[in-house]
Amino acid sequence: MGERDKGEAFQGTIGKTIADSKPWWPPEKKPQPSAPNILVVLFDDVGFSDFGCYGSSIRTPTIDRLAAEGLRYSGFHTTAMCSTTRAALLTGCNHHSVGVGCLANFDSGYPGYRGKIAREAGTIAEILRTTGYRNYMVGKWHVTPLTESGATGPFDGWPLGRGFDRFYGFLDAETDQYSPELVADNTHIDPPGTYETGYHLTADLVDQSIRFIADHMADRPDLPWLTWLAFGACHAPHQAPSDLIKGYDKHFGHGWDVERERRLARQKAMGLVPQETRMAPRNDGVKAWDEHSEDERRVFTRLQSAFAGMLDHADQHLARLIAFLETAGVRDNTLIVVLSDNGASQEGGPLGFVNAMGPYNFRPEPMPEKLQRIDDIGGPDTHSNFPLGWAMASNTPLRRYKQNTHGGGIRDPFVISWPQRIKAKGELRHQFVHATDLVPTLLDVIGVKPPLSIGGYEQMPLEGESFVKSLSDPNAPSRTKPQYFEMFGHRGLWHDGWKAVAFHPPGTAFEKDKWELFHLDRDFSEVDNLAERDPERLKRMIDMWWDQAEKHKVLPLDDRFGPRFAENAARFHGPRHNFVFHTGMGHVPTDVAPDVRSRNYMIEADLDPSGAVVEGVLIAHGDATSGYSLYVKDNRLVHDLNIGGAHNILTSDREIPAGARHLGVEVTRWTTDGKPRKGPVPGFSRITLRIDGAPAGSFDTVLGFHNLISWSGLDIGRDRGSPVSHYAAPFEFTGNLLRVRVTMDIEQHLDGDGVGEAEMARQ
């Protein structure tokens, strides 16, 4: 197939009148009549063993049924992070090759690290569009640079700019499930409900998926469709109905050590892993379950229950979608894939979090506080994540986690069902399969070759290999090409059943990394290191890795966390330190909002005085877990600095007089010796309210936005979602608000390591 963008030449005749003219219509592109509908269901941060059909006790009957009607793969591999796997799944090419070597959150200025899929790598939606498919994207995107997520885009990296016809979801790595950062097509919108009204994003995403497909069938039932459903589950924050969460405590009170052994036993009984598979030793930093106190075990159990409840909840709503396909009569010819984007997350650390926002701004979350809030876990004012031990259990029997190139980071569940074509029922496949192989396989199934050009851009060849033969043949060979891995300096290479892998401690010399060698076909869990017994093979594989790294734009190796985020923010905003927000504007995503971390700033709202008593929010950035709000209540000006749920509330020392025109707050950073802050040294913030420029009360606090503000965005005249302060959202301003101005000092002192840890928790 070649380029169609220029259109086809008119093949009729045009005379002077209709009588001596002949019309012509270009033929409509349609795939083969047997071409299936395609439903891709992508979970987030779900480990290898978390589905019931992969060994877990978590209830996933919908996924288990799909597996029983189709196939499970034990050798499916991803890229260790979310943006990167999504780029590979969408394009059929390696993530560095298409410019998404790391996260979409930053552009490092090198070809492999632009944070945005290159135009030379068409997405599956762009390819299928040329054949007549209609394409629908629902849920998490996260392959658009977040500095391009604002109201002006650019939109060429958003779903509608990359081949999808409709989009409903979110652009960032994560979002609050009760108050998400929603986008419809190219517009930021308010969620259609709240926690109080029973809203949850998972249910909403399934509703929209059903709507898109139902609309499609009403309009063009003769054309096949692609629906790409990417859940927020089970990325932090782990949020689900409370009764569902609490019901799982009895499932996990035995702890992660026992859970791992039970899951491995089930995996062996299923034939999912070889009988000789040994459990990988505990990962570094994970203690035995019995070494923790009773209080710690109670909290850890509940945090795991929140994760389980979120997965169970998603499976329940997925059941509605599958039931709709059956009712609509299209289930048999719908190819369904269910998978995860990487292994379970290590970002919860050794103790987990009830609300991660506090610790990442130097506000500790001690265990007694965690215990006190145990029944809040999974609710609207929490941002919970489970501890390392449970992440390790999710990845049973594999080593390490998401971010790493050992099995725990890159080996994931993969279920495929297609009743009309896949006759095997409940069978297993053990071939090595990579995320880049999905697109070639789908195109093979449909009978489509990738176009040579899309939108005027010559297309790079697909780098994955079709595994279509394995759909019918359990003995079909694995791919022939080697597959490299790299993430934050962690490296790996699979080739012909062997794997070389290097764990890279951040900030250390790459040449000091210790490479390991595993015969993966015989050592599923990577526990028998053969590096010393077969040094020649290891050397060949290391050399092969460097060859692959050069070929696929992996170089230069970069293990930095914080500096990449900080540099990207500085480059995006540049010298800008003044923001003016006018009444009537929409929502501002956090990555394009004023960055007030670790600097002096002033916020001032301009009013058209009416003399009437007014109240409501002037500006709010964040949500119940973290952020700031400036608002009027009881005729006084109020500022709330919310650091991880700790509310530092300052109320003006006098009422706002009639006719006031300017209401604001000034934040000044100071050192402990009382001098203005000039560097990354311990200090405090002085917060001063101002009414028409005059001070109206102040206080000092050691809390502040050191590493992050919030992962929820900014609004003026309202607080659209989960409220930052003690009022009922949206608490719209009832006066005549003209604009809000934010003025920041150019000087900013960020702790790179702290920023890196906070931002990685976001991913």
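The values are calculated or read from the model by the stated rules, or taken from the named source; none is laboratory data. Keep in mind that this is a model prediction, so the values were computed, not measured. Note that we place each Cβ from the backbone using ideal geometry, even for glycine, and neighbour counts take in every protein chain shown.
The number of residues in region 19-57 that are of a type in the set (Lys, Arg) and surrounded by 22 or more Cβ atoms within 10 Å (Cβ to Cβ) comes to 0. For beta carbons closer than 6 Å, sequence separation of 6+ or different chains, a first residue in region 40-52 that is of a type in the set (Ser, Thr, Tyr) and a second that is at pLDDT 95 or above and part of a loop (DSSP other than H, G, I, E, B), the qualifying pairs are 49/55; 49/56; 49/396.
Scanning region 37-87 for residues that are assigned to a strand (DSSP E or B) and touching a Lys or Arg at 6+ places or on another chain (Cβ under 8 Å) yields 42, 71, 72, 73, 76, 77.
Applying the criterion of being of a type in the set (S, T, N, Q) and under 23 Å from the mean Cα position of the chain (by Cα) to the residues of region 302-351, the residue that is farthest from residue 211 (Cα to Cα) is 346. Can you say whether residue 16 is more than 26 Å from residue 205 (Cα to Cα), basic (Lys, Arg) and in contact with an Asp or Glu (Cβ under 9 Å, 6 or more places away or on another chain), as far as the supplied structure shows? No: the conditions fail for residue 16. Residues in region 359-389 that are assigned to a loop (DSSP other than H, G, I, E, B) and either in contact with a His (Cβ under 9 Å, 6 or more places away or on another chain) or outside the structural domain of residue 399 (by TED's automatic domain parsing) (or both): 362, 377, 378, 382, 384, 386. All of 216, 188 fail the test of being part of a helix (DSSP H, G or I) and in the same structural domain as residue 327 (by TED's automatic domain parsing), apart from 216.
Looking at 416, 422, just one residue is crowded, with 19+ Cβ neighbours inside 10 Å and more than 30 Å from residue 257 (Cα to Cα), and that residue is 416. Being aromatic (Phe, Trp, Tyr) and more than 15 Å from residue 233 (Cβ to Cβ) is the filter here, so list the residues in region 382-401 that pass it. Result: 390, 401. Please verify whether region 430-440 includes one or more residues that are buried (at least 24 other Cβ atoms within 10 Å of the Cβ), out of contact with any helix residue (DSSP H, G or I) (no Cβ under 8 Å at 6 or more places or on another chain), of a type outside the set (Lys, Arg) and assigned to a helix (DSSP H, G or I). Yes, region 430-440 has at least one match. Taking the conditions exactly as written (at pLDDT 95 or above, surrounded by fewer than 24 Cβ atoms within 10 Å (Cβ to Cβ) and either in a helix (DSSP H, G or I) or in contact with a Lys or Arg (Cβ under 6 Å, 6 or more places away or on another chain) (or both)), does residue 118 satisfy them or not? So residue 118 fails the test.
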